[in-house]
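Taking it in order: structure first as structure tokens, then the write-up.
The values are calculated or read from the model by the stated rules, or taken from the named source; none is laboratory data. Because the structure is a prediction, the values reported are computed rather than measured. Every residue, glycine as well, gets a Cβ built from its backbone with ideal geometry; the counts of neighbours run over all protein chains shown.
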Amino acid sequence: MQAENHPDYIGEKEHLEETIRWIEGEQKFLEGYETILKDRLREIRKTVKTLTDERLIANQQLYQMASRDIEHLKRSRNHPYFGRIDFQEARRDDVEIIYIGKYGLHDRDREIPVVVDWRAPIADIYYSGHSREVAYRAPSGEVKGQMHLKRRYEIEGGELKEIYDDKTSEDKIEDSLKGKGDFLTEALQKRTHGRLKEIVATIQDQQNRIIRSNAIKPLVVQGVAGSGKTTIALHRMAYLIYNNRRNTDANYMVVAPNQLFLNYISDILPDLGVENVCQTTFEDWALQLIGKDIEIAKCADKLNLLMNSEREEAKIVSLASKLKGSLLFKKVIDHRMRQLEKTLLPLENLSVDDMVLLPYDKIQEIFLTSNVHLPLVPRITKLNEYLKTRLKKEMKEIREKIEECYNIKIDRLKDQAKDTETIRKDIIQLYDGRDEKIERIKQILPALVDRYTEKIEKPDTIQFYYDLFRVQGEIEKAFAPKIGFDRLTQICDDIRKQLSKEIFENEDLGPLAYIHLKLFGLEDKNKYTHIVVDEAQDLDELKMSVLRELSINDSFTFVGDLSQGIYSYRGIHNWTKTMERVFQGREYHYHFLTTSYRSTIEIVNLANGVIQKCKGLDAILAEPIFRHGEKPWLKKCENHEEMLTQMVCRIRHLTKEAYGSIAVICKDLDTTEKVYKDLKGRVENIHLITEQATDFHGGVVVIPSYLSKGLEFDGVLVYGVDQGTYSMEEIDVKLLYIAITRALHRVSMYYQGDLSEVLKGLDDLYDEPNKRLKTK
Ligand SMILES: Nc1ncnc2c1ncn2[C@@H]1O[C@H](COP(=O)(O)OP(=O)(O)OP(=O)(O)O)[C@@H](O)[C@H]1O
């Protein structure tokens, strides 16, 4: 409802003005304080000698806090809150009026919250309260009470524009309280201008439950395209960080499929006031871990190969990827690791001169039985330390042994001598020699141990990986019964050939990272308190196990959609099986999202029709939010040139309608490059997006289907929906599904020749302007 027409308009307007006045006053005060701190820091820096000076650190922290608060106040000034709840706690008479916003604002003088942070426990009822009786979980336990009012505001530039009451009377619970009211539809109707945005004002009940669910167990969200998986995973991250804010050692990580995607989501966390979260791809993280400058082949090359090869060739390629990403392969690595451990030490005793200080068998026993929880290389360091301490302790026995030896020599000398006087000099010499030897051994013991451990050939991650395929025994035992001896030999030959040319691919990174962790380990400070994995369906189980090694306590949010699993040759097909295998039976939360918030009803219907064509996939159909739009279009063209002309026309039309982001989606990279080249001169400000792209900037883009995954655009133009391009193969159906589901408002499809089987029979879900003309 327009704010002016609401009965409480005057009161709400006054409250907003008062809040803004308070924000401005507080900002002024804090800016003054910030200046004082700045001057103070300048003075401290003149006198302190080290950066660890306590006064320096304390004032730096105060300065950072003040700067952060100022930033939040600045961001709040024009839009301090988005919601209000009137809450009466059980057995209390007073009703609290709570305003909820993106940033919590606190009045220190009056000791009251001006705005409550959306992540605070009490804000839970704003999102989850569907009836008068509500409850939320506070640190002290469950708090029950009654919600008398739930109100949402549209505030722009500090002015109240709209007021929506979800609950109109104390007794009546409106349907809109279920969260799917006007407020949401209005929000979804908006145009996008590039990057993904925060949704704190319109988080829905089920999404709220996911965001706030306990972080002790891993959590999996399977959701249809556009159901808000990425968005809520990032809101969950912000929520967990807020609620763990006193833990200053905590580290957080977001793993996403590529740099482009990372760029696309890069605004959300800072916008929610969250900084310093490591946002990376598995590939980049693994390469940094391994610390080697190796080149990784593009995933697109593999996809293209699979799309365009003969059946058997494609089978071998996909089996090789499956092998590398499987937990069985992890077992093979573990087995080889144990073998290496047994053969790592030099086959020699630790001795000096002719005296054995520690025999090989003993050292081997020590190595194989101590510090076994550690990775292999740190165990060598531990062995070195242990041997030095042990030999130092054994110095008394070593001395006795040496003395015994020399005593025998002296006794022998004495027995042979005619008189003691003649051998006196020799005896003294022997005593001197003995003392010298004892002293020398004492001195050289550490160096002796160092020399011994230096002889241990330090394992190398990449060499270890090569050797796995060179000496085939273990792999054969594990995989031949599953995929057959001949195929396995062919796979291992191919992998060896590739590796000898130093060509690595994405699927090699899981095992390489795993090997590296087993050899060198990871310091605790490099582990994470919570890890969000987006597009998790494209990970393999070995990579998931590797991520487990990074996590301090198995606190994960995995979000994905099996219907969008285009890397099915390596990816996940069944969440339950994968979670059971990777987390070895550990309990986990599982959520299932079916509402698509992104696209109009017409687009969702077409997407559902498409994904149902995917044989062998038990596709979950999306339920659209109540938002209508134009029916998708299908245009048959005579040739490529006509498709271009039609698309140029459409882009102009969409731009005129103020749609800020438009994508021309082609199935593969070659077509994408060609279409971009041909459109470049005809469409202004058009960008080509390839795997190297790192920056996402809205406008008009030409992009291959597999790279568009996770992104969204106001309008989507799908190029070439003919039978040759999109066959009924699973991968093709999924790629078309992905392309269509990228659109918020408009979809148009172009083809020449025969229409793709995937779209045949779905003619009631799209308009065909050509056809209409013909029938007229
Ligand atoms: N509760 C909500 N309120 C407003 N917008 C929402 C809500 N939930 C999701 N959205 C919007 O829906 C769109 C899709 O969200 P998002 O990209 O997170 O979905 P997704 O499930 O990750 O999609 P995909 O699987 O296609 O990558 C975004 O524009 C997001 O802002």
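Give me the residue from the stretch 710-738 that is more than 31 Å from the chain's Cα centre (by Cα) and at pLDDT below 95 and, out of that set, surrounded by the fewest Cβ atoms within 10 Å (Cβ to Cβ).
G724
With the condition kept exactly as written, say whether any residue in the stretch 544-557 is under 15 Å from the mean Cα position of the chain (by Cα) and within 15 Å of the ligand (Cβ to nearest atom).
Yes: the stretch 544-557 contains one or more residues that are under 15 Å from the mean Cα position of the chain (by Cα) and within 15 Å of the ligand (Cβ to nearest atom).
Condition first: of a type in the set (K, R), within 32 Å of the chain's Cα centre (by Cα) and within 30 Å of L383 (Cα to Cα). Now tell me which residues in the stretch 453-503 satisfy that.
K458
Being within 22 Å of Y737 (Cα to Cα), of a type outside the set (K, R), part of a loop (DSSP other than H, G, I, E, B) and in contact with a Leu (Cβ under 7 Å, 6 or more places away or on another chain) is true for just one of E691, E630. Which residue is that?
E691
Is there any pair linking a residue in the stretch 335-362 that is surrounded by 14 or more Cβ atoms within 10 Å (Cβ to Cβ) to one that is basic (K, R), with Cβ under 6 Å and at least six apart or on different chains, and which?
Qualifying pairs under 6 Å: M337/K518; P346/K455.
When you check K709 against the structure, is it of a type outside the set (S, T, N, Q) and not in a helix (DSSP H, G or I), yes or no?
Taking the combined requirement at face value, the residue satisfies it.
Taking the stretch 100-119, which residues are hydrophobic (A, V, I, L, M, F, W, C) and free of Cβ contacts under 8 Å to residues at least 40 places away in the same chain?
The answer is I100, I112, V116.
With the requirement that a residue be of a type outside the set (A, V, I, L, M, F, W, C), under 22 Å from Y751 (Cα atoms) and touching a Ser or Thr at 6+ places or on another chain (Cβ under 9 Å), what does the stretch 677-711 give you?
Across the stretch 677-711, the qualifying residues are R682, P704, S705.
Scan the stretch 614-667 for residues that are within 30 Å of Q537 (Cα to Cα) and of a type in the set (D, E) and jot them down.
The answer is D618, E623.
Out of the stretch 699-719, which residues are within 10 Å of the ligand (Cβ to nearest atom) and either out of contact with any Lys or Arg (no Cβ under 7 Å at 6 or more places or on another chain) or within 16 Å of N685 (Cα to Cα) (or both)?
Those that are within 10 Å of the ligand (Cβ to nearest atom) and either out of contact with any Lys or Arg (no Cβ under 7 Å at 6 or more places or on another chain) or within 16 Å of N685 (Cα to Cα) (or both): K709, G710.
Could you tell me which of the residues L62, L41 is in contact with a Phe, Trp or Tyr (Cβ under 9 Å, 6 or more places away or on another chain), more than 30 Å from Y127 (Cβ to Cβ) and modelled with pLDDT of 90 or more?
From the options L62, L41, the qualifying one is L62.
Restricting to the stretch 603-622, give me the number of residues that are in contact (Cβ under 8 Å) with a residue 40 or more places away in the chain, of a type outside the set (S, T, N, Q) and surrounded by fewer than 22 Cβ atoms within 10 Å (Cβ to Cβ).
Number satisfying all stated conditions: 8.
If you go through the stretch 517-536, how many residues are part of a helix (DSSP H, G or I) and buried (at least 24 other Cβ atoms within 10 Å of the Cβ)?
Qualifying residue count for the region: 1.
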